[in-house]
């Protein structure tokens, strides 16, 4: 019953669309009539063109046949001397062409050999330069061609290692005394940097060596430093002592300001950070370690070694001091006359511009001790911590 109902509905729908079918049939028939009229009009033109083209092709075929027949007759009727001359000319043409082909092939082969020889020499030179570079590298990052501050993933590290290993491999550079040493150094660098634990330990070691090099460079006597007025403090963080190098800077022109492009006056207790790489604006800045300075007792001290050990970080070349240190002279005691190590404490007040300084600065400084030199024992005043509550205008104080 349901099928009969569906059939009736379909039949009714077809009857309702009958006028659409009639219109479509009329359109198709009209299109057919137009095509037929067009063919009737254009057919004589097409037939005439095909007939003319066929006549031209037939004339060309007949002319070619006549030329072939005349050529065969001329060869048959030709004398033996003329025929021999034609054959000898054909032979010379063939041999000259073959000689030319042989010359071109030999020249191509020579060029390929020459290019391969130059490529081999270039590869040997690249391998030698790469071996010398790896041997003269100072650390594992430089051996692999990376920068210490560049981030890279394991895939990129492996790709660079394979590329350089193919250049310096001993099997490829047989007889070279640098191949074994450079390959071992490259492999050692890859083993360390590919392991996360070894890489972190190695980075810590590089950081310590960097601190040591900064300390050694700071200790050199020169026109900008005064070694006799320097101070040495004991750091409880690393267990070693750090030197505060006394500089010959004047208080009137002590702090470099990048915004004003000039030096500002410093006061006792001011602390700031400078970066020489940002002083030159027309050249790309060099990656340099910022220097930290403190003004104490009308002198400017370079405390970069100590600041690196403490992990201090702040924006360099600011208009205002990065931090302030309150210095209070302590009364002379019997302990001062018997020892060269004096207790001191620090009240580090950060300016609002340097919000990134944290409490670790105060804690690290308050846990250190000054060692004063005999020449400055009477005039050197240690730092003393004053605990304050609340906030002052433009500064923060830590409890």
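Per this entry, residue 58 is counted among residues that are at pLDDT 85 or above and surrounded by 10 or more Cβ atoms within 10 Å (Cβ to Cβ). For region 145-180, the candidate set comprises residues that are more than 14 Å from the chain's Cα centre (by Cα) and closer than 17 Å to residue 195 by Cα; within that set, the residue that is surrounded by the most Cβ atoms within 10 Å (Cβ to Cβ) is 161. Scanning region 239-274 for residues that are free of Cβ contacts under 8 Å to residues at least 12 places away in the same chain and in a strand (DSSP E or B) yields 262, 263.
Within region 173-201, the set of residues being modelled with pLDDT of 80 or more and either assigned by the TED database to the domain that holds residue 245 or not in a helix (DSSP H, G or I) (or both) comprises just one member, 195. Restricting attention to region 17-29, the residues that are in a helix (DSSP H, G or I) and modelled with pLDDT under 75 add up to 6. Kindly indicate whether residue 246 is modelled with pLDDT of 80 or more and in contact with a strand residue (DSSP E or B) (Cβ under 6 Å, 6 or more places away or on another chain). Taking the combined requirement at face value, the residue satisfies it. Is one or more of the residues making up region 202-217 farther than 30 Å from residue 245 by Cα, assigned to a helix (DSSP H, G or I), within 25 Å of the chain's Cα centre (by Cα) and modelled with pLDDT of 75 or more? Scanning region 202-217, I find no residue that is farther than 30 Å from residue 245 by Cα, assigned to a helix (DSSP H, G or I), within 25 Å of the chain's Cα centre (by Cα) and modelled with pLDDT of 75 or more, so the answer is no.
The values are calculated or read from the model by the stated rules, or taken from the named source; none is laboratory data. Here the structure is a predicted model, which means the values were calculated and not measured. Note that we place each Cβ from the backbone using ideal geometry, even for glycine, and neighbour counts take in every protein chain shown.
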